[in-house]
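Reading through the structure tokens given below for one structure.
The values are calculated or read from the model by the stated rules, or taken from the named source; none is laboratory data. Quantities reported herein were computed from a predicted structural model and do not represent experimental measurements. Quick reminder, even Gly has a Cβ in these numbers, built from the backbone with ideal geometry, and neighbours come from all protein chains shown. Remember, those area values only see protein heavy atoms, side chains included, never the ligands or the DNA or RNA. Shrake-Rupley method; radii C 1.70, N 1.55, O 1.52, S 1.80 Å.
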Amino acid sequence: APRLSDSDPIGCLPLCRAYLTQAFALLGDPVAAARVSEASASAGPSAVRVFEPEAVLAGAWRAAVEHRTAEAGDEALRAAAIAAGMDQPAVEAHALHTAVRFGRAADVTDQLQELAHHVDGLAPLFAAHADAVVRGLGDRLDDVADEFESAGAELLAAEAGAHADEAHEREGHRRRATASAARAANLARGCGVATTPALNRTAPPSLTPREREVAALAAAGLHSPEIARQLGISVRTVETHLTNAFGKLGIHRRAELGTV
């Protein structure tokens, strides 16, 4: 952004600031997000109108990190409308999916379904995500998370997993909910993301004191018999605690314990 402030022959600074605002919002830093957003606003409207939807989305993310989620959803819908008016269907689909992430799936499902027939890339997944949220389909949301992850969209996979957790909870499927929540947290951790509205609504269950103790010893390199001797419990009990900890943390191997 400072380099573009010195020389910006094709008007990319507003787009840069829009993405920077979103990045700070995802890191959970409302002060930095506001600083960048206000610098952009003080510069006045951009002469390059094609970037306007992204600037509006930046405002949506600033509202989200300041916990003004309803306003964030409204701004995402406004960004989609601007993109539609400029005949930018891919940007429109992205903005509509951002509204899904802000809790407005019911408002955008039909539009996303229509765009999915005409826009390549992730648009069909955006539509599937919105539809599964509206219908409360936990298993389908787990599948959507898989597809987002396979496409390299790990943050979107994390949020779909968080929505799956909510859907499973509503259906009384506690074990599935726990698995979805743990996976969502693990994916978000891998992205370095601190906060989004979807992720804020779910969290994996915390470890019990004994699970944490066993997991810490395993992370330090001790084998199950060594842990059992040190804690005065059976090897079978050690393995049970580790299995429970793995499920809650969304991991599958001892080698991952240290990182988590």
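The table for this structure:
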{"read-out": "Vicinal HN-Hα couplings computed from phi for the stretch 37-49 (Karplus, 6.51 cos²θ - 1.76 cosθ + 1.60; Hz; Gly/Pro x)", "value": "4, 5, 5, 5, 5, 5, 7, x, x, 6, 6, 9, 5"}
{"read-out": "The chain: angle of helix 69-85 to the longest principal axis, Cα-based, in degrees nearest 10", "value": "50 degrees"}
{"read-out": "Sequence-separation-based contact order of the chain, relative, with Cα cut under 8 Å and 6+ spacing, percent", "value": "12 percent"}
{"read-out": "Nearest-0.05 FRET efficiency for V134 and R68, computed from C-beta distance (R0 35 Å)", "value": "0.95"}
{"read-out": "Degrees separating the helix 52-65 axis from the principal Cα axis of the chain, which is the longest one", "value": "40 degrees"}
{"read-out": "Total charge dipole magnitude, the chain, about the Cα centre, Cβ charges on Lys, Arg, Asp, Glu only, Debye to nearest 20", "value": "1100 debye"}
{"read-out": "Degrees separating the helix 13-26 axis from the principal Cα axis of the chain, which is the longest one", "value": "30 degrees"}
{"read-out": "Theoretical ellipticity at 222 nm over the chain - DSSP helices of four or more residues, -39500 (n - 2.57) apiece, nearest 500", "value": "-22500 deg cm²/dmol"}
{"read-out": "Fluctuation leader among D74, D120, D107 - the chain, Gaussian network, Cα springs under 10 angstrom", "value": "D120"}
{"read-out": "Average Cα contact separation per residue, the stretch 1-81, under 8 Å, 6 or more apart, as relative contact order %", "value": "29 percent"}
{"read-out": "Ranked packing of 99-106, 11-18, most packed first, by mean Cβ within 10 Å", "value": "99-106, 11-18"}
{"read-out": "Rounded accessible area of S42 (nearest 10 Å², 1.4 Å probe)", "value": "100 Å²"}
{"read-out": "Å² per residue, accessible surface of the chain at 1.4 Å", "value": "50 Å²"}
{"read-out": "Carbon and sulfur %, accessible surface of the stretch 136-225 computed with the full protein complex present, 1.4 Å", "value": "48 percent"}
{"read-out": "Among V31, V235, V108, residue whose mean-square fluctuation peaks in a GNM of the chain (springs only between Cα atoms under 10 Å)", "value": "V235"}
{"read-out": "Approximate spin-label separation D8-V260, in nm, with each point projected 7 Å along Cα-to-Cβ", "value": "4.4 nm"}
{"read-out": "Where labels lie 7 Å past Cα in the beta-carbon direction, separation of T240 and A106 in nm", "value": "4.4 nm"}
{"read-out": "5 angstrom amide H check on G28, placed H, neighbours 5+ away", "value": "A194, T195"}
{"read-out": "Point-to-point label distance, R253-S206, nm (Cα→Cβ direction, 7 Å offset)", "value": "3.0 nm"}
{"read-out": "Sequence of H223, H67, H173 from largest to smallest accessible area, 1.4 Å probe", "value": "H67, H223, H173"}
